[in-house]
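S.K.: Sharing a structure, written as structure tokens. Questions coming.
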Amino acid sequence: MLNVGIIGISGYSGKLLLKILLNHKDVRVTHVSAGTTTGKVSDIHPEFAGKTRLVCEKFNLSKAKNLCDLFFVAVPHTKSMSITPGLLKAKKMVVDLSADYRLKNSSVYKKWYGVAHKDKKNLPKSVYGLPELYREEIKKAKLVANPGCYPTAAILALAPLMATHSKKIASIIIDAKSGVSGAGRKTVLSLIYSEANENLKAYKALCHQHAPEICAYLSRLSGKKVDITFVPHLIPMNYGILETVYIQLKSPMTAQKIYSLYQKFYKTEEFVRILKPGCQPETKNVTGTNYCDIGFAVKNNMLVITSAIDNLMKGASGQAVQNMNLMCGFKENTGLL
Ligand SMILES: NC(=O)c1ccc[n+]([C@@H]2O[C@H](COP(=O)([O-])OP(=O)(O)OC[C@H]3O[C@@H](n4cnc5c(N)ncnc54)[C@H](OP(=O)(O)O)[C@@H]3O)[C@@H](O)[C@H]2O)c1
């Protein structure tokens with residue numbers, strides 16, 4: 001049995017981590033903590049009543065490090081880089097759900113997250129936790145940077161094309177839509193029910209912090225610098241991300257060629273489902289699951305790839321557990337089906 005800790009239990013991804021891990025046959029949750037929230041987990045999240053006696057404490061490294069072999073750090077970006085170094089120093093494995101270890105270039109991090117990176121020492125050691133692309137590195141990693149929710153859907157949508165046909169691409173536009181839980185469980189005026197419900201809006205157009213993450217890993221795949229146009233939207237749903245990716249090709253590709261390419265690329269990937277030509281993914285088909293559904297349409301030089309995930313599952317906690325399974329030698333889908 002692996003002893004695991006969840007830092008950030010009072011948040012949405014922390015809560016979902018606990019739900020998954022309570023049903024995971026190879027782990028025992030031995031520590032839960034938060035920033036300021038304290039008390040019985042069953043009081044913080046009443047859905048756990050009768051299911052756990054865990055008590056949430058304010059995070060304290062010297063206490064926590066003796067209780068677990070692996071920690072999920074599910075705290076806001078800029079906070080993890082103050083917590084994770086101590087865990088690594090204590091020889092613990094870490095799956096970080098924040099953005100703090102995703103961008104290898106600390107200047108790019110500073111530009112997009114507004115603060116200097118505080119843990120440049122561990123930055124080179126992190127492995128980007130997208131199992132479909134970096135499985136073998138994840139298996140050996142002590143620190144996994146779990147991808148962002150928008151980047152997970154975008155990179156999976158584009159990976160087969162970027163890895164094999166990047167020279168054919170003239171431009172990429174990503175129109176992304178997310179449910180409100182994507183912003184976490186904090187109180188923000190624009191996220192309260194009467195503001196977000198019955199409303200649809202773009203936000204952080206061309207300046208969302210996930211754009212450099214998407215570019216960095218698409219560039220790595222294609223072997224050259226990739227730029228994208230990225231516009232996210234807030235939709236009045238609790239969960240779910242749908243991304244519509246418009247790819248201007250330099251020369252036409254047939255529907256059959258695209259379908260074969262994607263099927264072949266993801267042939268052995270349990271959590272990526274390629275839909276038949278003519279079918280499009282829907283958020284409701286992936287809600288509560290760790291799947292990413294991908295569809296497409298092509299006409300002349302315009303290729304449209306669509307992808308849907310649950311922002312808190314494949315976009316956060318589900319993928320984090322998938323990464324833990326790989327790091328610890330468990331079956332990759334344990335707890336996720
Ligand atoms: N929501 C998503 O769909 C999603 C998807 C992908 C990635 N992520 C990333 O995952 C991380 C967690 O997201 P979330 O949506 O679960 O956030 P959230 O609902 O806002 O929860 C944040 C959690 O972090 C805790 N926390 C804050 N500062 C802390 C500190 N200094 N030490 C210990 N705990 C601290 C909070 O505790 P208190 O309540 O006591 O302050 C809370 O439990 C974020 O970095 C986010 O960007 C989220």
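The values are calculated or read from the model by the stated rules, or taken from the named source; none is laboratory data. Worth saying up front: this structure is predicted, and the values here are computed from it rather than measured. Don't worry about glycine lacking a Cβ; one is built from the backbone with ideal geometry, like all the others, and counts go over all protein chains shown. Surface areas here come from the heavy atoms of the whole protein model, side chains and all, with no ligands, DNA or RNA. Shrake-Rupley method; radii C 1.70, N 1.55, O 1.52, S 1.80 Å.
S.K.: For the pairs Lys118/Lys204; Lys121/Lys267; Lys40/Lys267; Lys51/Lys79; Lys40/Lys65; Lys186/Lys224, note any where the Cα-Cα span goes beyond 32 Å.
M.R.: Details: Lys118/Lys204 25 Å; Lys121/Lys267 37 Å; Lys40/Lys267 44 Å; Lys51/Lys79 29 Å; Lys40/Lys65 20 Å; Lys186/Lys224 38 Å.
The pairs that break the limit, which is 32 Å between Cα atoms, are Lys121/Lys267; Lys40/Lys267; Lys186/Lys224.
S.K.: To the nearest 10 degrees, how steeply does helix 255-265 sit against the main Cα axis of the chain, on a 0 to 90 scale?
M.R.: Between helix and principal axis, roughly 30 degrees.
S.K.: Using Cα positions and a limit of under 12 Å, work out the aspartates and glutamates in reach of Lys139, with same-chain residues fewer than 8 apart set aside.
M.R.: Partners found: Glu332.
S.K.: Enumerate the aspartates and glutamates that Lys104 could reach by cross-link, defined here as Cα to Cα under 18 Å, with residues fewer than 8 away along the same chain left out.
M.R.: Asp96, Asp119, Glu137, Glu213, Asp227
S.K.: Can you give the Rg and Dmax of the chain based on its C-alpha atoms, in angstrom?
M.R.: 19.5, 61
S.K.: Follow-up. Accessible area per residue of region 2-125 at 1.4 Å probe, in Å²?
M.R.: About 48 Å² of surface per residue is accessible.
S.K.: Among rounded, prolate and oblate, which fits region 169-248 when a ≥ b ≥ c are the square roots of the eigenvalues of its C-alpha gyration tensor, a/c under 1.5 means rounded, and a/b larger than b/c means prolate?
M.R.: Details: a/c = 2.87, a/b = 2.23, b/c = 1.29.
Because a/c hits 1.5 or more and a/b exceeds b/c, region 169-248 counts as prolate.
S.K.: Under a GNM of the chain (C-alpha, springs under 10 Å), which listed residue has the highest mean-square fluctuation: Ser98, Ser260, Ser178?
M.R.: Ser260
S.K.: Quick check: pseudo-label points 7 Å beyond the Cα along Cα→Cβ at Asp227 and Lys142, how many nm apart are they?
M.R.: The two pseudo-label positions are separated by 4.0 nm.
S.K.: Antiparallel versus total DSSP beta bridges in the chain: what percent is that, nearest 5?
M.R.: Details: 28 of 58 bridges.
The antiparallel fraction comes to roughly 50 percent.
S.K.: Still on this structure, please answer the following. Which entries in Lys63/Lys284; Lys142/Lys201; Lys177/Lys276; Lys142/Lys284 show an alpha-carbon gap greater than 31 Å?
M.R.: On the way: Lys63/Lys284 41 Å; Lys142/Lys201 39 Å; Lys177/Lys276 22 Å; Lys142/Lys284 34 Å.
Result: Lys63/Lys284; Lys142/Lys201; Lys142/Lys284 exceed 31 Å.
S.K.: Just report the Cα centroid separation between region 276-337 and region 1-55, whole Å.
M.R.: The two parts, judged by their Cα centres, are 24 Å apart.
S.K.: Keeping the other protein chains in place, figure out the carbon and sulfur percent of the accessible area of the chain, with a 1.4 Å probe. All intermediate terms of the calculation are to be shown ahead of the outcome.
M.R.: Details: 8030 of 15110 Å².
Using a 1.4 Å probe with all protein chains present, the chain comes out at 53 percent carbon and sulfur.
S.K.: Next question, about the same structure. Between the alpha-carbon centers of region 88-158 and region 193-219, tell me the distance in whole angstrom.
M.R.: First find each Cα centre; the distance between them is then 19 Å.
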